[in-house]
Amino acid sequence: MTSAHARVIEARNITKRFGDFLAVDTISFDLLPGECLGLLGPNGAGKTSTIRMVYGFSPLTAGTLKIFGVDVSSGWRAVRFGIGVCQQDNNLDPDLTVLQNLEIFAGYFDIPRGAAREKADQLLRFMALDHRRNDMVSSLSGGMMRRMVLARALINDPQLLILDEPTTGLDPQSRHQVWEKLEKLRAQGLSILLTTHNMDEASRLCDRLIIMDHGKILVTGSPLELVREYAGNQVLEILEPADELRAFVRARELMHDNLDHRLIIYGGENDRLFESIGREYCGENCIRRMATLEDVFLRLTGRELRE
Amino acid sequence: MRIGRFDVSRRFIRVWHRNLIVYRKIWLVNFLTPLLEPLLYLAAFGIGLSALIGSVRVEGMELSYVVFITPSLLAITMMYNAFFENTYTSFVRMYYQKTFDAMLATPLSLDEVITGEIMWGATKSLIATVIMLSVVSAFGLVRYPEGLLVIPLSFLGGIAFGALGMVFTGVIPSIDMFNLPIFLFISPMFLFSGTFFPMEGLPVWAQKLALLFPLTHLVQATRWLCLGVFRVEILWGLAYLVACCLVFFPLALIVMKRRLIH
């Protein structure tokens, strides 16, 4: 169970079924050492179900899943010694102080008391929570709680960090602070698996992304590759487009989305084309911008609400 | 270690220890109830009711009402401490605080988490019993050294009632619904287990029914130990409580797994 393994995660045709509902449908993927892999998808895409299988919480319905080369179904305990998990809820122990949260959690990993205190001190400094060490966790702000959950997930020096929506619900300042910490960890060579529906987070942190929907993998690639391939360089957004423009776009078979009050044209490899569209069809209702991961995401997973 | 379908190692002690640390934080408050409650009861029953009742005949022994009721209070304390710890308090940890979810991302199994919780419930039962025993002993209501055996008995009773509580925690949809098992099981036991009046006062069919209550056996065993009289009923009581543990404990593990592992 060392990082010498070629793959940190090796998932082959893993499936998770809840009664009639197929949450994860026969997906395969790898996570390489030192890599940050992001699972992207709308609510109910199967992201959380996937990572719960990875840390040995949910039994697999079918398929095989190896972490550090160990089968997670039979070797879940050994696997959990090597991973740190930030679950979606801030499930810190509200009955305990900041420091106690870390020390007691360390005990679950058989870390001796002295070593636990040392590690806890180090993590509290790293997460800038040192001054709150003796406070109850319920008195922490949302951003501090998240950093604290992250600190707790690192108490066992994991080789794999699993983050389920690490910055959901945080204000921009706190979010950036969490990203900064995660970037430092990544630079230290920690392997990371994260789920998110924050596109900035995915582009900023992840080496590689898997976009999922309805339990299946739609596409996988680096953030940049995905943007290039599925949204092009640039995007032209036209508010209340004229019917002629809609017809023009259809006739030229341009990559586009035709919405009620808005037309989005992807691909701007051909600058002239965008310029001529701009001249002929646009007044002030046109916006030309860089293509983003959000464009890719919406194109691939659709625009309907998931509730 | 795997025992059949269960995955329990000594790691459950970590969960137990977590609860101990939280308990110690407010130990004074936690100590106060078992310290003062017996005084309240003894005042009410010893001064108030005793005047009306005088003495009670139990299986050929003439006991003052206070002597009769003291072991009942001890047994009820054992039941309450374990049962309420593993219902309301465990439910809060499981459902609201998501403490179990966090533990299940570490090398702990769910069976160890639940075992740790039940053992903690039994420990609370033991602590409360020790405190209460010292209070009532100050009034000379317990015979020693036999009375000391009440302490291990409180741990056994604690496991039985804690595991029973944990079974309800595993199946109850919301915390308010604990009222139902309390009304259906705990209150009848509290009243009809030979606690406040001897079982002989009940019609024969009710006496037989009351023998099914684990509290009946806990009360009897506690009573004979407090009186320093060794009777075969003590052994029957112990056997019945062990049987309850053997049924409720695995059942608690099964229903909690069904509830939490998806």
Does A:Leu170 satisfy the condition of being surrounded by 15 or more Cβ atoms within 10 Å (Cβ to Cβ) and either at pLDDT below 85 or in contact with a strand residue (DSSP E or B) (Cβ under 9 Å, 6 or more places away or on another chain) (or both)? no
Set A:Phe57, A:Phe68: member being without any contact (Cβ under 8 Å) to a residue 24 or more places away in the chain and under 21 Å from A:Gln87 (Cβ atoms): A:Phe57
Being facing another protein chain (nearest Cβ under 7 Å) and farther than 13 Å from A:Val149 by Cα: is that true of A:Ile111 here? no
Index of the failed condition, B:Glu62 passing every other in (1) over 24 Å from B:Ser154 (Cα atoms); (2) in a helix (DSSP H, G or I): (2)
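In this structure, does B:Gly46 turn out to be among the small types (Gly, Ala, Ser), more than 14 Å from chain A (Cβ to nearest Cβ) and surrounded by 19 or more Cβ atoms within 10 Å (Cβ to Cβ)? Before you say what the answer is, go through the steps one by one.
Numbers: among the small types (Gly, Ala, Ser): yes; more than 14 Å from chain A (Cβ to nearest Cβ): yes; surrounded by 19 or more Cβ atoms within 10 Å (Cβ to Cβ): yes.
So B:Gly46 fits the description; yes.
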When only residues in segment A:121-155 that are out of contact with any Pro (no Cβ under 9 Å at 6 or more places or on another chain) and among the polar types (S, T, N, Q) count, which is nearest to A:Ile104 (Cα to Cα)? A:Asn134
Inside segment A:101-115, the number of residues satisfying the requirement of being more than 29 Å from the chain's Cα centre (by Cα) and in a helix (DSSP H, G or I) is 3
Could you list, in sequence order, all residues of segment A:99-108 that are under 24 Å from A:Ile192 (Cβ atoms) and either out of contact with any Leu (no Cβ under 6 Å at 6 or more places or on another chain) or facing another protein chain (nearest Cβ under 8 Å) (or both)? A:Leu102, A:Phe105, A:Ala106, A:Tyr108
Cβ-Cβ under 7 Å, sequence separation 6+ or interchain: first residue in segment A:170-195 and assigned by TED's automatic domain parsing to the domain that holds A:Met212 and more than 17 Å from A:Ala153 (Cα to Cα), partner of a type in the set (Val, Ile, Thr) and assigned to a helix (DSSP H, G or I). Which pairs? A:Leu170/A:Val178
Those residues that are crowded, with 19+ Cβ neighbours inside 10 Å and more than 7 Å from chain B (Cβ to nearest Cβ), I need them from segment A:77-96; list them, please. A:Val79, A:Gly82, A:Ile83, A:Gly84, A:Cys86, A:Leu92
Based on this model, can you work out whether A:Leu102 counts as under 22 Å from A:Val79 (Cβ atoms), touching a Pro at 6+ places or on another chain (Cβ under 9 Å) and of a type in the set (A, V, I, L, M)? no
Read through the list (1) modelled with pLDDT under 95; (2) over 20 Å from the mean Cα position of the chain (by Cα); (3) more than 13 Å from every other protein chain (Cβ to nearest Cβ), then give the number of the only condition that A:Gly143 fails. (2)
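The values are calculated or read from the model by the stated rules, or taken from the named source; none is laboratory data. Only a predicted model underlies this, so the values are computations on that prediction, with no experimental measurement involved. Backbone-built Cβ (ideal geometry, glycine too); neighbour counts: all protein chains shown.
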